[in-house]
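Single-structure report; data block below.
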Amino acid sequence: MPETEIYLRRALQLAAKGKGLVSPNPLVGAVLVKNNRIIGEGYHRYFGGDHAEIDALKNSTESPKGSALYINLEPCCHFGKTPPCTEALIKNRIKKVVAAMADPNSAVSGQGFEQLRKAGIETTIGLLEKESQEINQPYLIRTKERRPFIALKIAQSLDGKIAARTGQSKWITGEKARAFGRRLRFEYDAILVGINTILSDNPSLNYQRTGITRNLLARKRYLKVILDSEARLPLQAKIWEEASRVVVAVAKKAPADRLRRLEKKGAQIIVAGNQKVDLKKLLDFLYNQAVGSILVEGGAATNGSFVDAGLVDLVYLFQAPLIIGGAEAKSSIAGKGFASPNSALHLHLKSIRRLDADRLFIYTTKKITTSFATLIIVITLLLVLS
């Protein structure tokens, strides 16, 4: 494997350490190399903290002058929560920057590379772009479509049932799969369910995470979002047991006295729709609240509403080796559905994982290809350097 690829893969490994803490910013890792030796590593640790480039510079064991920076995303060139990283790279006289992909953010896209080039810093872009897109799918979706990234989490039997005809659903998958699901929640900004899931299962919707300091955990942004058009959420539900921000999405028909009780309990109320919750209005609200990603753990109706609306980016399908059967047993997806298999939502398998007797299939709804922005930047740089 070429050294350039080794350093970029290391940058991706570092970037992944920020999962669950940097949103709505991207996951970014950086590696400083001088005389074929790594002299500094860094990553974006939490939202509002140092960017990966600055972290790597601060961790450098010697002068970074004349070194090469390997990073999975174009360095920023604008003032946000922190100063531009391009300025720090120029000031520290970095010789070369190797980036996997361009930043689709209009405040950066291509301009970061341009600033570096004008300062005499050699720039290379495009290696491991697919891998970099995959790790930052939530950031890319939020930036391009101006809405949170949405993943469905489904636990079902081999015949697609999420409960028996009696309504009994505990437990379809085993403990290892359920524990994985609780850890998965940490990677998302919000967990969303429908009111029927609360009333039937009474979940806490809490996450599990070990190996992170209290200071970092305190920076975790975590919302519990309930689709509850009539404001029926019980005040004694388990979701209130741990300190967390609860958002209740209701319709205009929701009784005012119920809304007052929920607000007194500490819920944030968003009225999105007349008779039922309008998902797009809710997502606009969450987007403006800086929510970058949502894990939907609803029942068949909630899952179906997101599928019908074309608002699914990723699917975590936990499949247990069970056949439940029964025409009245609930399947994992309800809603209106599609008129034919040809018009159905087509998924692309990313990975399969074994969890004791269960299997986890992870699907994406979008094929990942070389981005147009990166292609244009590569062509421009080639023309300039030729």
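Largest first and to the nearest Å, give the Cα extent of the stretch 1-113 along each principal axis.
Over the stretch 1-113, Cα extents along the principal axes are 35, 27, 23 Å.
Pull out a ≥ b ≥ c, the square roots of the eigenvalues of the alpha-carbon gyration tensor of the stretch 80-168, then state rounded if a/c is under 1.5, prolate if not and a/b is larger than b/c, and oblate in the remaining case.
prolate
Run down the aspartates and glutamates and flag those whose C-alpha is under 12 Å from the C-alpha of K19, throwing out any fewer than 8 positions away in its chain.
E187, D189
Tell me the carbon and sulfur percent of the accessible area for the chain, rounded to whole percent, probe radius 1.4 Å.
Here carbon and sulfur together make up 50 percent of the probe-accessible area.
Just to confirm my numbers, what's the Cα centroid distance between the stretch 192-210 and the stretch 283-299 in Å?
About 15 Å separates the Cα centre of the stretch 192-210 from the one of the stretch 283-299.
Calculate, in nm to one decimal, what N36 and E175 gain on full extension: separation in residues at 0.36 nm each, minus their alpha carbon distance.
45.5 nm
Considering the alpha-carbon set of the chain alone, what are its Rg and its Dmax in angstrom?
Gyration radius and largest Cα-Cα distance of the chain: 22.9, 71 Å.
Treat every Asp and Glu Cβ in the chain as -1 and every Lys and Arg Cβ as +1, leave all other atoms uncharged, and give the resulting dipole magnitude about the Cα centre to the nearest 20 debye.
740 debye
Heavy-atom accessible area per residue, the chain, 1.4 Å probe: how many Å²?
Per-residue accessible area for the chain comes out at 49 Å².
Using a simple charge model, +1 on the beta-carbon of Lys and Arg, -1 on the beta-carbon of Asp and Glu, nothing else, what dipole does the stretch 39-187 show about its Cα centre, in debye to the nearest 20?
With Lys and Arg at +1 and Asp and Glu at -1, about 700 debye.
Largest first, what is the accessible-area ranking of W240, W171 with a 1.4 Å probe?
Solvent-accessible surface, decreasing: W171, W240.
Residues in the stretch 145-162, backbone N under 18 Å from the label point at S106 (7 Å along the Cα-to-beta-carbon vector): list them, ranges by number please.
145-148
Treating the Cα atoms of the stretch 128-271 as identical point scatterers in vacuum, please give the log10 of the normalised Debye intensity I(q)/I(0) at q = 0.12, 0.18 Å⁻¹, two decimals.
Values returned for q = 0.12, 0.18 Å⁻¹ are -0.63, -1.25.
For the stretch 183-261, with equal point scatterers placed on the C-alpha atoms only and solvent neglected, what are the log10 I(q)/I(0) values from the Debye formula at q = 0.17, 0.26 1/Å, to two decimals?
The calculated log intensity ratios at q = 0.17, 0.26 Å⁻¹ are -0.70, -1.31.
When the helix-only estimate is applied to the chain (DSSP H runs of n ≥ 4, each -39,500 (n - 2.57), divided by the residue count), what is the mean residue ellipticity at 222 nm, nearest 500 deg cm²/dmol?
When only DSSP H runs of four or more count, the value is -8500 deg cm²/dmol.
State the Cα centre-to-centre distance between the stretch 1-63 and the stretch 137-175 in whole Å.
A separation of 32 Å, based on Cα centres.
Grab the beta carbon distance between D201 and E263, set R0 = 22 Å, and tell me the FRET efficiency rounded to 0.05.
Once rounded, the FRET efficiency stands at 0.35.
For Cα pairs less than 8 Å apart in space and 6+ apart in sequence, what is the mean separation divided by the residue count of the chain, i.e. the relative contact order in percent?
16 percent
First obtain the Kirkwood hydrodynamic radius of the stretch 52-100 from its Cα pairs, then insert it into the Stokes-Einstein equation at 20 °C and 1.002 mPa s, and state the resulting D in µm² per second as a whole number.
Translational diffusion coefficient: 194 µm²/s.
Excluding same-chain residues fewer than 8 positions from K96, which lysines have a Cα within less than 17 Å of its Cα?
Result set, ordered by chain and number: K34, K65, K118.
Provide the gained length on full extension for the span K281 to K95, in nm with one decimal, where the gain is 0.36 nm per separating residue minus the Cα-Cα distance.
Gain on extension, K281 to K95, equals 62.3 nm.
State the antiparallel share, in %, of DSSP beta bridges confined to the chain, rounding to the nearest 5.
Of those bridges, close to 40 percent are antiparallel.
The values are calculated or read from the model by the stated rules, or taken from the named source; none is laboratory data. The shown structure was predicted, so the numbers you read here are calculated from the model rather than taken from an experiment. A quick note on method: Cβ atoms are made from the backbone with ideal geometry, for glycine too, and the neighbour counts reach across all protein chains shown. Heavy atoms of the whole protein, side chains included, go into the accessibility calculation; ligands, DNA and RNA do not. Shrake-Rupley method; radii C 1.70, N 1.55, O 1.52, S 1.80 Å.
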